Amino acid sequence: MIPMKIKDGVFSLRSNHWDRKIFDELVPLPEGTTYNSYLVRGSEKTALIDTAYPPKTASFIAALKAMGLERLDYIVANHAEQDHSGSIPAVLGLFPDAKVIANARCRGLIRDAVPVDASVFVDVKDGERLSLGDKTLRFIFIPWVHWPETMATYVEEDRIVFPCDFLGSHLATTDLFAVDEARVEIAAKRYYAEIMMPYRPHCRNALSRLEELALDVIAPSHGPVYGRPAFITDLYRKWTSDEVKPEVVIPYVSMYDNTAAMVDYLTDRLVERGLSVRPFNVVDFDSGELSMALVEASTVVFASPTVLAGPHPSIAQVAFLVNILVPKTRFAAMIGSYGWGTTMPDVLSELLPQFKATFFEPVLAKGAPREDDFSALDQLADAIAAANASLGKVEQAALGG
Ligand code: FEO
């Protein structure tokens, strides 16, 4: 790791984790990730913004030593999660006189998980400033993006904000800045979908607070730095808005191709009606891909065969995921094949208490789908297309297929 200069006196200390495959044993990382720390050197004081994930502590401390710092006055903890707070004890070992700047809630959460003595903390309040001499830090509370204590730190003179996880991306890269915006957009959308989407209203609030600032640079704690802040704030404004796209996401499982035949038929009928459709076989799948698809889709159709009277467990798992991600989906349906009886729609509904989409009548085929079942799928396609048209999202000329 080598320090990279962002502006005079402001450096990135990025721990790349190229080969990490999964975060929290939950979030797939197809492009690895980073843990970003930043050093801000004022004329009188020096502050470190966040630290590093514990397995990266040794290289992080080595990089700090290599910078030849004579003293460190402050460690700012924007967020208590250990991928950013986990190296605080090691940094304090190197600079025992440093104080840890955090809000009271963050202090408590750090001390729950990381051995840091209470005496080293200095609590800050929302909007409070801390002078480093010719640089001033301002602390901006942006709770619930994605923990209750999350905070951003703004360097007023340099117009740089450090929002920790918020606006970040899981993308290991040696590029200091987000130069390949198309690539970074995908990584940032995946990050938003998996980490931030459940807190969409809080993301909107956080975005409003950051957009009040004069900004030259946004420097998050994962992924590259944004030298063009509008790139990421425009994306977040779109993702966090109530607007949806005329897209239908169909997570499905099929055991004897009957449910798959229904998915194929419905997909074609929806495409004929001007909608974009994304079926996902969820037996062995990347949950991040599905999460990304849910960011802006108007409609979700759960497609499951019946197993032991209920949904296939893989679809039940997807329903659980959809429920906790709380996407802004407006419309939904359930389709699938069964043998001699089913409670699939009832069981799935019970797994979706937070999912507020309007459900259409389920389409359930006994065994292989037949003429009546396909007619019911035609009607479902009509209903989905009409609902989307009512949002003004489907060209009327494309309707009626
Ligand atoms: Fe990157 Fe919530 O920690």
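Read-outs throughout are calculated quantities, based only on the coordinates presented, and are distinct from any laboratory measurement. Every value quoted in this text rests on a predicted model; they were computed, and no experiment measured them. Using ideal geometry, Cβ is built from the backbone for each residue, glycine included, and neighbour counts are taken over all protein chains shown.
Taking the alpha-carbon distance from Lys356 and a cut-off under 21 Å, which lysines remain once sequence neighbours fewer than 8 residues away in the same chain are dropped?
Straight-distance partners of Lys356: Lys238, Lys245, Lys328, Lys393.
At 0.36 nm per residue, minus the direct Cα-Cα distance, what do Ile324 and Asp284 gain on full extension? Give it in nm, one decimal, please.
Details: separation 40, 0.36 × 40 = 14.40 nm, distance 1.99 nm.
Taking Ile324 through Asp284 to full extension adds about 12.4 nm, to one decimal.
Taking the Cα atoms of segment 139-272 alone, what are Rg (to one decimal) and Dmax (as a whole number) in Å?
Values for segment 139-272 (Cα only, Rg and Dmax): 18.5, 64 Å.
Before anything else, pin down the relative contact order of segment 45-92: Cα pairs under 8 Å, at least 6 apart, normalised by residue count, whole percent.
Once divided by the residue count of segment 45-92, the mean separation gives 58 percent.
Any chance you could run the full-extension gain for Glu361 through Asp19? It's 0.36 nm times the residue separation minus the Cα-Cα distance, nm to one decimal.
Values: separation 342, 0.36 × 342 = 123.12 nm, distance 4.49 nm.
Length gained, Glu361 through Asp19: 118.6 nm.
With a ≥ b ≥ c taken as the square roots of the eigenvalues of the C-alpha gyration tensor of segment 147-226, please select rounded if a/c is under 1.5 and otherwise prolate if a/b is larger than b/c or oblate if it is not?
On the way: a/c = 1.87, a/b = 1.06, b/c = 1.75.
Because a/c hits 1.5 or more and a/b fails to exceed b/c, segment 147-226 counts as oblate.
Normalise the Cα radius of gyration of segment 224-358 by 2.2 N^0.38 Å (N = residues in it) and let me know the number.
Details: Rg = 16.0 Å, N = 135, 2.2 N^0.38 = 14.2 Å.
Computed over Cα atoms of segment 224-358, the ratio equals 1.13.
Take the eigenvalues of the Cα gyration tensor for the chain, scale each by 5, and report the square roots as semi-axes in whole Å, largest first. Walk me through the numbers on the way to the answer.
Details: eigenvalues 448, 86, 58 Å².
Working from the Cα gyration tensor, I get semi-axes of 47, 21, 17 Å.
Find the Rg to Rh ratio for segment 294-401, where Rh is the Kirkwood radius over alpha-carbon pairs and Rg uses the same atoms. Kindly include the intermediate steps, with their values, before the conclusion.
Details: Rg = 14.4 Å, Rh = 14.6 Å.
Rg/Rh for segment 294-401 comes to 0.99.
Considering the convex hull of the alpha carbon atoms of segment 210-263, report its projected area averaged over all viewing directions, in nm², one decimal.
Working: hull surface 26.8 nm².
Convex hull of Cα atoms, orientation-averaged projection: 6.7 nm².
So what are the ³J(HN,Hα) numbers for segment 66-81, from phi and the Karplus equation (6.51, -1.76, 1.60; θ = phi - 60°), rounded to whole Hz, Gly and Pro as x?
Once θ is set to phi - 60°, the couplings for segment 66-81 become 5, 6, x, 5, 7, 8, 10, 8, 9, 10, 8, 9, 6, 7, 8, 4 Hz.
Write down, largest first, the equivalent ellipsoid semi-axes of segment 308-352 in whole Å, where each equals the square root of 5 times an eigenvalue of the alpha-carbon gyration tensor. Working shown, then result.
Details: eigenvalues 84, 25, 12 Å².
With the √(5λ) rule applied to segment 308-352, the semi-axes are 21, 11, 8 Å.
Sequence-distant or interchain residues sharing an amide H contact under 5 Å with His170, placed H: which?
Amide H neighbours of His170: Tyr191.
Express in whole angstrom the spacing between the alpha-carbon centres of segment 187-202 and segment 109-142.
25
Defining a contact as two alpha carbons under 8 Å apart and six or more residues distant in sequence, what relative contact order in percent does the chain show? Please report the intermediate quantities before stating the final value.
On the way: 850 pairs, mean separation 46.1, N = 401.
After rounding, I find 11 percent.
In segment 192-228, which GluC sites (Glu not before Pro) are in a loop and have at most 14 other Cβ atoms within 10 Å, using DSSP for the loop call? All intermediate terms of the calculation are to be shown ahead of the outcome.
Working: sites: Glu194, Glu211, Glu212; in loops: Glu212.
Taking segment 192-228 and a limit of 14 other Cβ atoms within 10 Å, the loop GluC sites (Glu not before Pro) found are Glu212.
Using a cut-off of 27 Å between alpha-carbon atoms, which lysines can reach Lys5, once sequence neighbours fewer than 8 places away in the same chain are excluded?
The reachable lysines, counting only those whose Cα sits under 27 Å from Lys5, are Lys45, Lys56, Lys65, Lys99, Lys135, Lys189.
Step by step: find N for segment 51-186, compute 2.2 N^0.38 Å, then divide the Cα radius of gyration by it. What's the final number? Can you show the working numbers first?
Numbers: Rg = 15.2 Å, N = 136, 2.2 N^0.38 = 14.2 Å.
Ratio of Rg to 2.2 N^0.38 Å for segment 51-186: 1.07.
Using only alpha carbon pairs under 8 Å that are at least six residues apart, calculate the relative contact order of segment 195-348 and give it in whole percent.
Working: 224 pairs, mean separation 38.0, N = 154.
Rounded, it is 25 percent for segment 195-348.
Compare the Cα positions of Gly168, Ile140, Val100 along the charge dipole of segment 26-172 (+1 at Cβ of Lys, Arg; -1 at Cβ of Asp, Glu; about the Cα centre) and return the one farthest towards the positive end.
Val100
Rounded to the nearest 0.05, what FRET efficiency do Glu70 and Glu243 give with R0 = 56 Å and r taken as the Cβ-Cβ distance? Could you check?
Values: r = 52 Å, r/R0 = 0.92.
That pair, Glu70 with Glu243, gives E of 0.60.
Pop out the ³J(HN,Hα) list for segment 332-348 in order, Karplus 6.51 cos²θ - 1.76 cosθ + 1.60 with θ = phi - 60°, rounded to Hz; leave Gly and Pro as x.
Each residue of segment 332-348 in turn: 8, 7, 10, 9, x, 9, 9, x, 10, x, 7, 10, 3, x, 5, 5, 4 Hz.
If you place +1 on the Cβ of every Lys and Arg, -1 on the Cβ of every Asp and Glu, and leave all else neutral, what size is the dipole of segment 113-272 about its Cα centre, to the nearest 20 Debye?
Using only the charged Cβ atoms, the result is roughly 180 debye.
Write down Rg/Rh for segment 1-64, rounded to two decimals, with Rg from the C-alpha atoms and Rh from the Kirkwood relation over Cα pairs. Walk me through the intermediate numbers first.
Values: Rg = 13.4 Å, Rh = 12.8 Å.
Here Rg/Rh amounts to 1.05.
In straight Cα distance, which aspartates and glutamates are under 15 Å from Lys7, not counting same-chain residues fewer than 8 positions off?
Within the straight-line cut-off, Lys7 pairs with Asp134, Glu156, Glu157, Asp158, Asp216.
Quote the convex hull volume per residue of segment 132-171, based on C-alpha atoms, as a whole number of Å³. If you can, show how the numbers build up before the last one.
Details: hull volume 3.0 nm³, N = 40.
Per-residue hull volume (Cα only) is 74 Å³.
How big is Rg to Rh over segment 251-308, alpha-carbon atoms, Rh as the Kirkwood inverse-mean-distance radius?
Working: Rg = 11.9 Å, Rh = 12.2 Å.
That ratio equals 0.97.
Starting from segment 122-180, pick out the trypsin sites (Lys or Arg not before Pro) whose DSSP state is loop and whose Cβ has at most 12 other Cβ atoms within 10 Å. Could you put the intermediate results ahead of the total?
Details: sites: Lys125, Arg129, Lys135, Arg138, Arg159; in loops: Lys125, Lys135, Arg159.
In loop regions of segment 122-180 (DSSP not H, G, I, E or B), the sparsely surrounded trypsin sites (Lys or Arg not before Pro) are Lys125.
Over segment 263-369, what is the percentage of antiparallel beta bridges among all DSSP beta bridges, to the nearest 5?
Values: 2 of 13 bridges.
Here the share of antiparallel DSSP bridges comes out near 15 percent.
Would you mind checking which residues have amide H under 5 Å from Thr46's amide H? H placed 1.01 Å from N; only 5 or more apart, or other chain.
Asp73, Tyr74
Between Glu156 and Asp175, what is 0.36 nm times their sequence separation minus the Cα-Cα distance? Round to one decimal in nm. If you can, show how the numbers build up before the last one.
Values: separation 19, 0.36 × 19 = 6.84 nm, distance 2.46 nm.
Difference between extended and current length: 4.4 nm.
Distance in nm between label sites at Ala62 and Glu44, each 7 Å beyond Cα in the beta-carbon direction?
3.7
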